Every structure is written in structure tokens, then in C-alpha cells.
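See structure below.
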Amino acid sequence: MPSTVPHTPLVDSFGRTVTNVRISVTDRCNFRCRYCMPEEGTQWLDRHEILSYEEIARLVRILAQHGVRKVRLTGGEPLMRKDLHQLVRLLVSIPGIEDCALTTNGFFLADQAAALKASGLHRVNVSLDSLDPETFMAMTRRDHYVEVWKGIEAAHAAGLRPIKINAVLVRGVNEHEIPRFARLARERGFIPRFIEFMPIGMGDGWSRDKVVAGREVVAAMEASTGVRLLPVERAGGQPADRFVFEDGIGEIGFINSVSEPFCGNCDRVRITSDGKFRTCLFSLQETDLRAMLRSGQSDDTIAAAIRAAVAQKEAGHLINDPAFVRPERTMSQIGG
Ligand code: SAM
Ligand code: SF4
């Protein structure tokens, strides 16, 4: 039945407009990064609990009708999902979708980069916390450093640009590698993107003193290279999340969720692999879109549920507040 509801943007009660959705396509992963997942004992969802590609595409179509322009596929490890390029092909053909990106641990990228590019994937972020194989293994609990690099090189060869390298710095583990990441940016043209260690998922491990703040990374990079980093100004006086070296060689990025929360500017929502709609990584509430999809609800009814959830979007996360409550789901279950 054709939609009878006007396709107006999704605006929350603080005036922020949703333009960006992150979709977890699987909760499974072949790595066991210490800050993300326990080594053993994770209960995986059953196949039928996970949204099909058609169900995901229907939700993205509804979101696009209401102003969403960017989609990022994540997980778990998204490339563990069979033929992910077929989902990419569906999503990039949806009117309104301008950007389709992927966050991956890179392990399967060597095999899949060309098909993903051919299907219309625009960009890829590869998570690589260390440029030293031993530290990499200590952090991911897997000896796959070489495979991840093959994946990064394959993505580069396939023409996926830019390639961002996501790194979580944990004090005492890998923050001494900041100068190496500076060289990666300046000598190879990859864009390191430092995500502050967040209190989500694994109950153990996080404490404030282990967080390496973005501004500390900037200072260490300037000291090691002797070149200043200039912030790329953002609209609305928000803290910069991109910096370029003053001599024009190299760029780095930051997700300073702990030291400089950017919630006031947040344009994101998330869908978990089992079809739960979340308005924040740290939300304690979810809307069950899978139940609506599978009980024959119309696009208008689903759009109304999304709109109602967006209206309740939190002002911001409470990581820095004594009242902070850690969500029960891990990052791999929500989709990082
Ligand atoms: N498996 C893929 C990967 O690792 O890129 C996609 C999912 S992973 C959950 C997405 C991103 O979340 C990764 O860059 C990872 O480093 C980050 N992440 C996971 N747990 C985190 C935590 N506790 N704090 C900060 N970032 C985290
Ligand atoms: Fe897997 Fe990504 Fe979590 Fe590492 S960060 S365990 S690769 S989902």
C-alpha cells in the first residue's frame, strides 16, 4: 500500500536531525579483542534471529525516505556474513543513500575487497590497534596481523578511498605506538582514527586512567614528527574530529567519546543484527523493528515507531556521570 504519511526528516527533541544509520549485520566475530568481547562463552544469535538482507534493505528504504543519507555496515565482524557485497548492492541502489561504508577487522578483506568495491561500497574503516604483531595478538587474542595487512592492501588496490585505520589506545598497552601511527599517516596516506576506549561490553578492563585522550595523541604526534597538527574546523563550534599535518602530508581522526563527548551534534541511530533500533550506543532502551517487519506492519507504521524512538533520543551518553549505567549488550552485539 502506498505511504500516506509525509516523508519529513527524523528530528529529536533537542533539534538534532538523523541522517546516519549504523547497522550490525552479525553479532559473530572471528577475533576476540579484549576491550570488546570475552574470550569464550558468548551466546550467538540463531540464524533466524538475524535480519535478512531484504529486511535490512526495507528498513534502510524507510529511513532514507525520512532523510537518512549514510549507512555504515558493522558487527560483530560484518564480513563473516555470507556475500555481504550483495547487501551493499541493495543498499547503494536505494534512492537517497549517498554513502555506504564498512567497518571491519580486515581479516576477510583480501578475498572480498574487489567484490565490495564492484558492488558500490564507498569507504572502509579497518580496525588495527597495533602496528606490532605481538601487541596486535595481545589485544585481539588472534595471530592475524599479516592477514589484516593483506586486507588493507587489497582494499587499497581495489580503489576503496579513503582507508581509515581505527585504533583503540589502551594506556600501558599500545600508546607508545602513536609515532608509528603518525608515520602510517604520513608515509602511506592511510588515515589513523583513534577511538577512545569506552566503558561498554566487557565488564573487566575499562578504567578512566586507561583512556588515552585525543589531545594527548595530537601532542605526541607533533612531538614525534616535529610538524604541527591543524584542526579541521567543524560547524557549530564542535571539537574537531579531523586534523591535518601543517605541511599538508597526512591526516588523522578522532572519536573522543570520553574526553570530548560530541553528543550535541549526534546524527546517528543504530540497528542491531536482531533488528533492534537504538538511538545511542549507550541506550538502555530499544525498539523491536524485527517484530514489526515479521508481523506484516506497513512502512508507515514502522516509520512511526522509528519517529517515536527518535523523539526519545537521549541528550547524550552519561559516561562521565556518576549515574552512568553500562548497557548489557557488548559492542559486538550492538554494532560498533
Ligand atoms: N569487527 C569490526 C571491527 O572490529 O572493525 C566491526 C565491529 S567493532 C565492534 C567496531 C569498532 O568498535 C572497532 O573499531 C573497535 O575497535 C571498536 N570498539 C569495540 N569495543 C570498544 C570499546 N570498548 N571502546 C572503544 N572502541 C571499541
Ligand atoms: Fe570482533 Fe571487532 Fe569486537 Fe574485535 S572489535 S572482537 S574484531 S567485533
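The values are calculated or read from the model by the stated rules, or taken from the named source; none is laboratory data. All figures in this text were calculated on a predicted structure; none of them were measured in a lab. Backbone-built Cβ (ideal geometry, glycine too); neighbour counts: all protein chains shown. We work out accessible area using only protein heavy atoms, side chains counted, and drop any ligands, DNA or RNA first. Shrake-Rupley method; radii C 1.70, N 1.55, O 1.52, S 1.80 Å.
Numbers for the structure displayed
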| quantity | calculated |
| --- | --- |
| Filtered residue count, the range 73-89, keeping only those that are farther than 16 Å from residue 28 by Cβ and either near ligand 1 (Cβ under 9 Å from one of its atoms) or not charged (D, E, K, R) (or both) | 3 |
| Test: residue 215 is among the charged types (D, E, K, R), surrounded by fewer than 17 Cβ atoms within 10 Å (Cβ to Cβ) and over 20 Å from the mean Cα position of the chain (by Cα) | yes |
| Candidates 137, 80 - the one that is open to solvent by 10 Å² or more (accessible area, probe 1.4 Å) and more than 20 Å from the chain's Cα centre (by Cα) | 137 |
| Residues being in contact (Cβ under 8 Å) with a residue 24 or more places away in the chain, open to solvent by 10 Å² or more (accessible area, probe 1.4 Å) and not basic (Lys, Arg) - total across the range 167-186 | 7 |
| Residue in the range 233-248 that is more than 23 Å from residue 317 (Cβ to Cβ) and aliphatic (A, V, I, L, M) present | yes |
| Candidate set from the range 116-128 (those that are within 18 Å of residue 253 (Cβ to Cβ) and either open to solvent by 10 Å² or more (accessible area, probe 1.4 Å) or not in a loop (DSSP other than H, G, I, E, B) (or both)); member that is nearest to ligand 2 (Cβ to nearest atom) | 127 |
| Flag if residue 224 is within 16 Å of ligand 2 (Cβ to nearest atom) and at pLDDT 95 or above | no |
| Filter result for the condition that a residue is of a type in the set (A, V, I, L, M), more than 14 Å from ligand 2 (Cβ to nearest atom) and open to solvent by less than 10 Å² (accessible area, probe 1.4 Å), over 154, 113 | 113 |
| Which listed residue is more than 16 Å from ligand 1 (Cβ to nearest atom) and touching a Cys at 6+ places or on another chain (Cβ under 6 Å), from 18, 92, 11 | 92 |
| Wholly within the range 143-255, strands (runs of 3 or more DSSP E) carrying at least 3 residues that are over 28 Å from residue 114 (Cβ atoms) | 229-231, 242-245 |
| Among residues of the range 90-99, those that are open to solvent by 10 Å² or more (accessible area, probe 1.4 Å) and in a helix (DSSP H, G or I), counted | 2 |
| Conditions (1) in contact with a helix residue (DSSP H, G or I) (Cβ under 7 Å, 6 or more places away or on another chain); (2) within 16 Å of ligand 1 (Cβ to nearest atom); (3) at pLDDT below 80; number of the one not met by residue 325 | (1) |
| Residue in the range 32-52 that is charged (D, E, K, R), surrounded by 12 or more Cβ atoms within 10 Å (Cβ to Cβ), out of contact with any Gly (no Cβ under 7 Å at 6 or more places or on another chain) and under 25 Å from residue 95 (Cα atoms) present | no |
| In the range 273-294, the residues that are at pLDDT 95 or above and either part of a loop (DSSP other than H, G, I, E, B) or of a type in the set (Val, Ile, Thr) (or both) | 273, 274, 275, 287 |
| Pair list, Cβ under 7 Å, 6 or more apart: the range 50-71 residue without any contact (Cβ under 8 Å) to a residue 40 or more places away in the chain, other residue in a helix (DSSP H, G or I) and among the aliphatic types (A, V, I, L, M) | 53/87; 53/90; 57/90; 57/91; 60/91 |
| Selected residue (only one of 73, 131, 102, 87 is closer than 21 Å to residue 251 by Cα and crowded, with 22+ Cβ neighbours inside 10 Å) | 102 |
| The range 95-112 - residue that is within 13 Å of ligand 1 (Cβ to nearest atom) and in contact (Cβ under 8 Å) with a residue 40 or more places away in the chain and, of those, nearest to residue 122 (Cα to Cα) | 103 |
| Which listed residue, of 231, 261, is open to solvent by 40 Å² or more (accessible area, probe 1.4 Å) and at pLDDT below 90 | 261 |
